[in-house]
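Below: the structure, in structure tokens.
The values are calculated or read from the model by the stated rules, or taken from the named source; none is laboratory data. Predicted, not measured: the structure shown is a model, and the values here were computed from it. Cβ atoms come from the backbone with ideal geometry, glycine included; neighbour counts cover every protein chain shown.
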Amino acid sequence: MKSGRKSRRMPEHALAEAVSLAGALPDLDITGSEIVRLPKVQPGMLFGSGKIEELKARFAAAEVELVLVDGPVSPVQQRNLEKEWGVKLLDRTGLILEIFADRARTREGVLQVELAALSYQRTRLVRAWTHLERQRGGLGFVGGPGETQIEADRRAIDEEVVKIRRQLAKVVKTRELHRAARRKVPFPIVALVGYTNAGKSTLFNRMTGAEVLAKDMLFATLDPTMRGVELPSGKKVILSDTVGFISDLPTQLVAAFRATLEEVLEADLILHVRDIAHPETEEQAADVGDILESLGVDEGVPVFEVWNKIDLLAPPLREALEVQDARKPGVHAVSALTGEGLAGLLDAIGGALDEERSETVLTLPFSAGKARAWLHDQGVVQSEEQGDDGYLLRVRWSARQKAAFEGI
């Protein structure tokens, strides 16, 4: 069910996206969907009394057990509607959290979901027991005399949040060590980003031969997956597949999943994969742009637009698109499903990552055997002389190799 909220989306397309979101949950049988226009949001019940009665009768007739509202529902509204309709109710944030919980695979992903869920759950603590004057009295070691149940629950959640943040910090620290080690291997990182269901995972599989979960389903990928790829030029790169972006992503989820998107901040090239056959491809692209900007992606990092799913377009539209592709730099029309246009994309990636190289002379002491061996392994040493105090090396390297060397 789509409630009225301001968005750059047409309500019909937003509702279709919401239905796809619901379809991403296993064992969920969708019995219907509709747009409910709200002239005025009712603080206690969201909808007006007439609409509530009408929906109650329809839910009972269809034996509905779960109602999804594609928009924000306050804790009070949720409790009142569940009581009135005799169903379980989830708003947009709750639904996305359920999907995240079902899809998260890595330790970091699981912790991020738990953190986001606790943040959401904390806002759901409404004073359900006020009329009972439910109190926890006591001896002082359970929170002190007169602590209400809601305060105890909130404190328990806060303690759990602190614990998870500590665990997450350890996981992130370990991943940073892995990333630091990867920086010493001078393979450029190419990150796939895009609106959810744009075809990133299918493209990733096509480019790497990997069997990452690729379904026509929103949020099919949550944890970033990385694979090495050798381009036609022989150049090696690391390809990273990331979670799909989505409009109106609740703020607590953006914060909780920021670490999942950190690979994008490390990228040397970003491939923005667009479902060019989608009626709101421009709006989806704008949403992706907003999130990339909020992440603080370096403006100097090149971005290619990969116009995916051209196989779904009618021939005249497809031809017009291919003409535009040829004229517009940084745009590549492809079909990840059929492989069409992929050769040109791979060539362009290789061209974009051909880094400028500079020459310099280094003086290394005899004790710097590790650094000297690294330089030779990279193939950047042009000449080497042995002096009284160490080695004199003339090197020709890229900015990335220089940065990696300085980190040794």
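Remark: VAL142 falls outside the filter, which requires a residue to be modelled with pLDDT under 80, closer than 15 Å to ARG107 by Cβ and either of a type outside the set (D, E, K, R) or loosely packed, with under 12 Cβ neighbours inside 10 Å (or both). A search for C-beta distances below 8 Å between a residue of the stretch 72-90 that is at negative phi and any residue that is surrounded by fewer than 16 Cβ atoms within 10 Å (Cβ to Cβ) and of a type in the set (Val, Ile, Thr), counting only pairs 6+ apart in sequence or on different chains, returns PRO75/THR123; PRO75/VAL126; VAL76/VAL126; ARG79/VAL126.
Residue by residue, here is whether (1) closer than 28 Å to VAL243 by Cα; (2) among the polar types (S, T, N, Q); (3) in the same structural domain as LYS236 (by TED's automatic domain parsing); (4) touching a residue at least 24 places away in the same chain (Cβ under 8 Å) holds:
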| position | (1), (2), (3), (4) |
| --- | --- |
| GLY289 | yes, no, yes, no |
| VAL331 | yes, no, yes, yes |
| THR338 | yes, yes, yes, yes |
| GLY344 | yes, no, yes, no |
| VAL361 | no, no, no, yes |
| ALA371 | no, no, no, yes |
| GLY379 | no, no, no, no |
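LEU353 satisfies every condition listed in (1) closer than 16 Å to THR208 by Cα; (2) touching an Asp or Glu at 6+ places or on another chain (Cβ under 9 Å) except (1).
Suppose the filter is among the small types (Gly, Ala, Ser), touching a strand residue (DSSP E or B) at 6+ places or on another chain (Cβ under 6 Å) and at pLDDT 85 or above; does GLY339 pass it? Before you say what the answer is, go through the steps one by one.
Details: among the small types (Gly, Ala, Ser): yes; touching a strand residue (DSSP E or B) at 6+ places or on another chain (Cβ under 6 Å): no; at pLDDT 85 or above: yes.
The answer is no for GLY339.
Taking each residue of the stretch 153-165 that is more than 13 Å from LEU125 (Cβ to Cβ) and looking for partners that are assigned to a helix (DSSP H, G or I) and of a type in the set (D, E, K, R) with beta-carbon atoms closer than 7 Å, six or more apart or interchain, yields ILE164/GLU114.
Look at GLY330 and say whether it is on the phi > 0 side of the Ramachandran plot, surrounded by fewer than 17 Cβ atoms within 10 Å (Cβ to Cβ) and in contact with a Lys or Arg (Cβ under 7 Å, 6 or more places away or on another chain).
Numbers: on the phi > 0 side of the Ramachandran plot: yes; surrounded by fewer than 17 Cβ atoms within 10 Å (Cβ to Cβ): yes; in contact with a Lys or Arg (Cβ under 7 Å, 6 or more places away or on another chain): no.
No; evaluated as a whole, the condition is false for this residue.
When each of ALA348, ALA326 is tested for being closer than 16 Å to LEU231 by Cα and either at pLDDT below 80 or under 28 Å from the mean Cα position of the chain (by Cα) (or both), the lone residue that passes is ALA348.
Only one of the listed residues (ALA259, ALA255, ALA277, ALA286) is farther than 21 Å from THR202 by Cβ and modelled with pLDDT of 90 or more. That residue is ALA286.
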